[in-house]
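Taking it in order: structure first as structure tokens, then the write-up.
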Amino acid sequence: MFKSELVAAAGERLKAARTVSIVSHARPDGDAVGSALGLGLALEAAGKTVTVALADGVPVAFRHLAGAARVVSQGDPHADCRILVDCGDIDRGGKAWLPEWPVDINIDHHKTNTRFAAVNIVVPEAVATAAMLAELLPLWGFEITPQAAEALLTGMLTDTIGFRTSNVTPHTLRLAASLVERGANLSELYFKALVERSFESLRYWGRGLSRVQMEGGLVWTSLTLEDRKVSGYSGNDDADLVGYLPTVRGAAVGVIFVEQPDGTVKVSWRARPGWDVSTLAVRFGGGGHAPAAGATIEGALQEVQEAVLAATRELLIHAQHSIEEGEH
């Protein structure tokens, strides 16, 4: 899975560093938080001075993880070793990492990664960046403490939706088992990351579900600033509603549009196995994986929705034509 020369190069930088700055992407998900904290906790246990930075802080669902309370809003460009994890593009760090600041190590599993660091360890087939770190840390000679194991397992759980995505393999499950053996509580972490949610998020979901639409294999909805205000939801995301859209019988792709206060719209795609929505995200300036991708697009909610739905319909139509041609 890993190129030995890249693993060795990254390991040398980490072992030589006394101070380390770790950053992940804006609007962090479980893999972003779990990767950053898991790596940071393991390096701290080895005597390193570590700063973990997330532009938008740690979401409520992951604040129980060790180290979450010490996460800052901006990384340290003067650290001995500067690392971006689970971040496909240097701009995705948001205010936590300015594009002109150098990056020593880039550890990621997004197929759209732009290889922006001195050492790039990018494995698109990996189920999560946290899963990559669960393998890399022992290779580098760093101990995965129980607290680090919990962070890494959280990253794996969230990016695989509880080990339910099509890229989960026996190797994935063995990695997860190794983290449980190191002290991670699987059932508790699963509940915290994937089941438990706030009352406000349910009210927010209700607003989005009230306007959900379906056309062929495409299901979509939107969430406005007014929805956020009325429901009392404090986040700037969709509260994970998008993951449920492609579960509708007959659906292939789900899309959600979340209006932002800065005049942009956060668009998220989710797809069933066999579909690649990352190409759509790249087309609109974003990125991601085949089954899960996103982009932040400037413009009014209605105009962004029309443009994205048109492009998504094109993807579905083209795929259907390819299937029909293959049958003849």
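What follows is calculated from the coordinates using simple rules that are stated; it is not laboratory data. Predicted model, so just to flag it, every value in this text is computed and none were measured. Here Cβ is always computed from backbone atoms with ideal geometry, including for glycine, and neighbour counts include all displayed protein chains.
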Taking every other residue with Cβ under 9 Å from the Cβ of S231 and scoring Lys and Arg +1, Asp and Glu -1, one gets +2
Cα→Cβ-extended label distance, 7 Å offset, between F199 and R174, nm = 4.7
Global geometry of region 4-194, whether rounded, prolate or oblate, following the gyration tensor of its Cα atoms and the 1.5 cut on a/c = rounded
For region 253-321 the trypsin sites (Lys or Arg not before Pro) that pass both the DSSP coil test and the at-most-14 other-Cβ-within-10 Å test are none
If the cut-off is 21 Å between C-alpha atoms, which lysines fall inside it for K48, apart from same-chain ones fewer than 8 positions away?
-> K15
Backbone N within region 234-258 under 11 Å of label point (7 Å from S73 Cα along the Cβ vector) = none
DSSP-defined beta bridges in the chain - what % are antiparallel, rounded to 5 = 45
Could you give the angle, 0 to 90 degrees to the nearest 10, between helix 129-140's Cα long axis and the longest principal axis of the Cα atoms of the chain?
-> 20
Degrees, to the nearest 10: 4-16 long Cα axis against longest axis of the chain | 60
Charge context of I297, other residues only, Cβ under 10 angstrom, K/R +1, D/E -1 = -1
Rounded to 5, percent antiparallel among DSSP beta bridges of region 199-327 | 75
So what are the ³J(HN,Hα) numbers for region 275-284, from phi and the Karplus equation (6.51, -1.76, 1.60; θ = phi - 60°), rounded to whole Hz, Gly and Pro as x?
-> 10, 10, 9, 5, 5, 5, 4, 4, 4, 9
Between region 165-181 and region 23-83, how many Å separate their Cα centres?
-> 23
Can you figure out the FRET efficiency of L209 with H318, using R₀ = 30 Å and their beta-carbon distance, to the nearest 0.05?
-> 0.55
³J(HN,Hα) across region 62-77 via Karplus (A = 6.51, B = -1.76, C = 1.60, θ = phi - 60°), whole Hz, x for Gly/Pro?
-> 10, 6, 7, 6, 4, x, 4, 5, 9, 5, 9, 8, 9, x, 10, x
Restrict the search to region 127-207; then list the GluC sites (Glu not before Pro) that DSSP places in a loop and that have at most 15 other Cβ atoms within 10 Å of their Cβ.
-> E143, E196
The exposure ranking of I317, I90, I144, fewest beta-carbon neighbours within 10 Å first, is I317, I90, I144
Take each of the peptides 22-28, 209-215, average the number of other beta-carbon atoms within 10 Å over its residues, and list them starting from the highest.
-> 22-28, 209-215
Can you run phi through the Karplus equation (6.51, -1.76, 1.60; θ = phi - 60°) for region 231-238 and list ³J(HN,Hα) in whole Hz, with x for Gly and Pro?
-> 7, x, 6, 8, x, 10, 10, 9
If amide H atoms are built 1.01 Å from N in the plane of the peptide, which residues on other chains or at least 5 residues away come under 5 Å of the amide H of F257?
-> T221, S222, L223
Nearby aspartates and glutamates by direct alpha-carbon distance to K95 (threshold 14 angstrom, same-chain neighbours under 8 apart not counted) = D56, D76
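Under the definition of Cα pairs under 8 Å and six or more residues apart, what whole-number percent is the relative contact order of region 4-194?
The normalised contact order for region 4-194 reaches 24 percent.
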Filter the trypsin sites (Lys or Arg not before Pro) in region 74-115 down to the DSSP loop ones having no more than 15 other Cβ atoms within 10 Å, then list what survives.
-> R115
Grab the DSSP H runs of the chain that are 4 residues or longer, score each as -39,500 (n - 2.57), total them, divide by all residues and round the 222 nm result to the nearest 500 deg cm²/dmol.
-> -11500 deg cm²/dmol
